[in-house]
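Below: the structure, in structure tokens.
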């Protein structure tokens, strides 16, 4: 559960238009002072202050990971009360598996591994994928709130969203169409059929839409082995 909370906070910071303000929000949520955070990170308090005020260039993913780990580490030293609180909030039954690749994977390679059929051949698969999220589409429709929606993007939106339990594929593409964050690739696992509307929405967004007939367990195993 710690990893899920870590991914949730880091993802929110990475995807924020004002990452400094989001860092400050989470620091205050964890009741950590700038001095304590800077001490844990081994930097001066002015560095933290500059990040939060936007005076310093937005931190990269590596720095964000260190900051989030500092939040969790400091909290755990004092009993982990805040972590426990957000562990409950971070639970979602709709995410089957999620991972960030340590090395980028070409979309074309990923599709080949999944024995996928590209339903949008006019859209190039020559793009880099940074990770994947496998989503139970039925549970997502019934349980995933707009706040929880960010969780499926992990560290980066440049990822493959893989939907299981798809009947016609309309709902996932409508949700993607309506949200400002867009994945790099959408995969339907063993859909009953794919509606023309789903294909059309994918084309309008410029997102490759792929279908695969692999079993879910094999799908997870293959994706976990990539990157």
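Tabulated data for the structure shown
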{"item": "Euclidean distance of C-alpha centroids, segment 163-227 and segment 9-49, integer Å", "result": "35"}
{"item": "Structure-based [θ]222 nm, the chain - -39500 (n - 2.57) summed over DSSP H runs of at least 4, per residue, nearest 500", "result": "-14500 deg cm²/dmol"}
{"item": "Antiparallel bridge percentage (DSSP; both residues within the chain; nearest 5)", "result": "40"}
{"item": "Relative contact order for segment 2-90, counting Cα pairs under 8 Å that sit 6 or more residues apart, in percent", "result": "37"}
{"item": "C-alpha center-to-center spacing [segment 102-127, segment 56-77] in angstrom", "result": "32"}
{"item": "Protection-proxy order for peptides 189-196, 28-35, each taking the mean of Cβ atoms within 10 Å per residue, highest first", "result": "189-196, 28-35"}
{"item": "For the chain, the fraction of alpha-carbon pairs in successive 10 Å shells from zero, as %", "result": "8, 32, 31, 19, 10, 1"}
{"item": "Extent along principal axes [Cα atoms of segment 21-137; Å; largest to smallest]", "result": "53, 33, 20"}
{"item": "Kirkwood Rh in Å, taken over segment 95-225 so that all alpha-carbon pairs contribute", "result": "14.3"}
{"item": "Rg/Rh for segment 2-90, where both radii come from Cα atoms and Rh is the Kirkwood radius", "result": "0.93"}
{"item": "Label-to-label distance, nm, for residues given as residue 58 and residue 113 (7 Å Cα→Cβ offset)", "result": "2.7"}
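All of the numbers you see were taken from the coordinates with simple rules; none came from a lab. Please read these numbers as outputs of a predicted model, since none were measured by experiment. Counting neighbours? That spans all protein chains shown, and the Cβs are built from the backbone with ideal geometry, glycine included.
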